Amino acid sequence: MKQYIYLVGLLLLLHSGYSSFEYHKFGIEISLDIKLESLIGVLLIIIGSIINIENESFLTIDNKVIKNKAKYLKFIKMSDAVQLGESLGVTDYEEYNTRLPFINI
Amino acid sequence: MAIDNEFYYTPSIVANKHKLQHVQDVASLVLGVASGIMSLESINGFVFYFIGITLTNLLFYIICTEQQPYKFFKNPLHEIFIKDLFNNISGYIMMWCLIYALVKTNS
């Protein structure tokens, strides 16, 4: 779904670009609908890029899907930021902590 | 001013910055394409860039920070609207010139 917004925006831009090219070929001033089409294309791509930065959700070891409380960005305060790791049971540094030489036997 | 004894989580700050950067990169390139298609010239192109990028930042501010910007940025207004205003202008000018030249090749 998210990628289709990009696709529609790109198609609009491509079409308006080609129209503008043809208009210039005959030396006519480009009309309002070409400008509007390109502006709508720009708007769609920008909205698509904003939607695409959404936070991913995580799967715990008990097969539960855990979502970030904020939809797009991450909390910067320590007290808010560590809550996701606590509900998930891992930290951001889990990759390093569970390296073979680091495991406490 | 109150003493700032709040602890911040650096990976989140970096992640938010990267997300804002991504949106601004895409926006500046696409705005360049649009201004090339509309064959804007001289100051009009720069005015178009500043209006476009500010509107993008406004959209980001409204959609992404969910009415609580201080939870995601230390100084949201400065970080979102002012700090990176000139960073992406080179990419914008590149796309502007390229598309302008392509559109005008046969005229």
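For A:Ile66, list long-range residues whose amide hydrogen, built 1.01 Å from N in the peptide plane, is under 5 Å from its own amide hydrogen.
A:Phe58, A:Leu59, A:Thr60
Which ordering of A:Ile45, B:Ile43 is given by a fewest-first count of other beta-carbon atoms within 10 Å?
On the way: A:Ile45 25, B:Ile43 8.
Fewest to most other Cβ atoms nearby, the residues stand as B:Ile43, A:Ile45.
How would chain B be classified by its alpha-carbon gyration tensor: rounded, prolate or oblate, with rounded meaning a/c under 1.5 and the a/b versus b/c comparison settling the rest?
Numbers: a/c = 3.24, a/b = 2.85, b/c = 1.14.
Because a/c hits 1.5 or more and a/b exceeds b/c, chain B counts as prolate.
Calculate the length of the line joining the C-alpha centroid of segment B:50-107 to that of segment A:30-97, in whole Å.
19 Å
Cα to Cα, under 26 Å, and not fewer than 8 places away if on the same chain: which lysines meet these conditions relative to A:Lys71?
List returned: A:Lys2, B:Lys17, B:Lys19, B:Lys71, B:Lys74, B:Lys83.
As a check on your grasp of the helix formula, calculate [θ] at 222 nm for chain B: sum -39500 (n - 2.57) over DSSP H runs of n ≥ 4, divide by the residue count, round to the nearest 500.
-21000 deg cm²/dmol
For the protein assembly as shown, give the magnitude of the charge dipole about the Cα centre (Cβ charges: +1 Lys/Arg, -1 Asp/Glu; no others), in debye to the nearest 20.
Value, rounded to 20: 40 debye.
Hey, can you list the DSSP H helices of chain A whose Cα span along the axis is 15 Å or longer and whose average Kyte-Doolittle score is at least 1.0?
Working: long enough: A:2-25 (35 Å, 0.20); A:32-51 (28 Å, 2.07); A:78-88 (16 Å, 0.27).
The answer, listed by residue number, is A:32-51.
Counting only other chains, what is the mean number of Cβ atoms within 10 angstrom of the Cβ of each residue in peptide B:24-33?
Working: counts 2, 1, 7, 5, 0, 1, 12, 4, 1, 9.
Mean shielding by partner chains, rounded to a whole number: 4.
Just rank B:Cys64, B:Cys97, fewest to most, by other beta-carbon atoms within 10 angstrom.
Sorted ascending by nearby Cβ count, the order is B:Cys97, B:Cys64.
In Å and from the alpha-carbon atoms only, list the Rg and Dmax of the protein assembly as shown.
Considering the protein assembly as shown through its Cα atoms, Rg and Dmax are 21.7, 78 Å.
Given R₀ = 25 Å, FRET efficiency for A:Phe58-B:Val14 by Cβ-Cβ distance, to 0.05?
Taking R0 as 25 Å, the efficiency between A:Phe58 and B:Val14 is 0.85.
With the contact rule set at Cα under 8 Å and sequence spacing of 6 or more, what percent relative contact order holds for chain B?
44 percent
All of the numbers you see were taken from the coordinates with simple rules; none came from a lab. Computed from a predicted structure; not experimentally measured. So basically every Cβ, Gly included, is an ideal-geometry build from the backbone, and we count neighbours across all protein chains shown.
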